[in-house]
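Every number in this text was worked out from the coordinates using simple rules, so none of it is lab data. Values in this document were obtained by computation on a predicted structure and should not be read as measured data. Note that we place each Cβ from the backbone using ideal geometry, even for glycine, and neighbour counts take in every protein chain shown.
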């Protein structure tokens, strides 16, 4: 995060100076003894005005980033096997970078390039802690299990990136104001993970599963099928879930009931 070290008074005075005469930045006109004018380079003045320009540049960046999402991460499991492995193989800084990249990917997947289309989120926090399970998200805070990190056999870095994509989706997705099917919510989160290229090898293959709303990888594969039927389907479905939810959304968008779509999906893969 950028920090502005100059005082507000200095910045205000510098801004006024630039508005008054921007040519004072590098050159200063002086009248020598002879009857002609020349430009004389002033080293001290140049250094001062260079600092002013740097200060104003930082101020501009701060203003430009005013509406940007911030990311924080903390490891509350330091000293435990999972906390130590997290620090050694993943790290807090890298995790924040992943969350920023994931958010951008999610906005694209949901066709939410305008801030007005997204949830009003200004800060996303990751907390690594000792707990059971894998991870969960509450509002704009993601909780990651250090126990899971410790016990994962394989490329834990890639696995946790996939988990963060899933959990970050929960931060941004609409849930029908709490009325949406839980399996669908988890399926959309895994759909984003799938499209980002972080689906683990143990996931079901296309056509697998018993119900369309079984959740997670099963529903993610089904949603991928639906999105192939109509490009942008998942983005449109998520948008419709901003104010409520109904299974009729599938009819509205694809012209068939979700049960019929599931039957077609299973038939395609010999299920």
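Tabulated results
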| read-out | value |
| --- | --- |
| Label-point separation in nm, residue 89 to residue 130, each point 7 Å along Cα→Cβ | 2.0 |
| Simple label model, 7 Å out from Cα along Cβ direction - residue 242 to residue 108, nm | 2.2 |
| Whole-number D in µm²/s for the stretch 68-172 (Stokes-Einstein; Kirkwood sum over Cα pairs; 4 °C, 1.567 mPa s) | 94 |
| Beta bridges per DSSP with both ends in the stretch 68-172, % antiparallel, nearest 5 | 25 |
| Against the rule of thumb 2.2 N^0.38 Å, how large the Cα Rg of the stretch 217-271 comes out | 1.10 |
| Relative packing of peptides 112-122, 172-182 - highest average C-beta neighbours within 10 Å first | 172-182, 112-122 |
| Packing-based order for 198-207, 80-89, 232-241, using average beta carbon neighbours within 10 Å, highest first | 232-241, 80-89, 198-207 |
| Label-point separation in nm, residue 268 to residue 72, each point 7 Å along Cα→Cβ | 4.4 |
| Estimated FRET transfer efficiency (residue 252, residue 139; beta-carbon r; R0 35 Å; 0.05) | 0.75 |
| Pairwise centroid distance, computed over Cα atoms, of the stretch 206-271 with the stretch 64-143, Å | 27 |
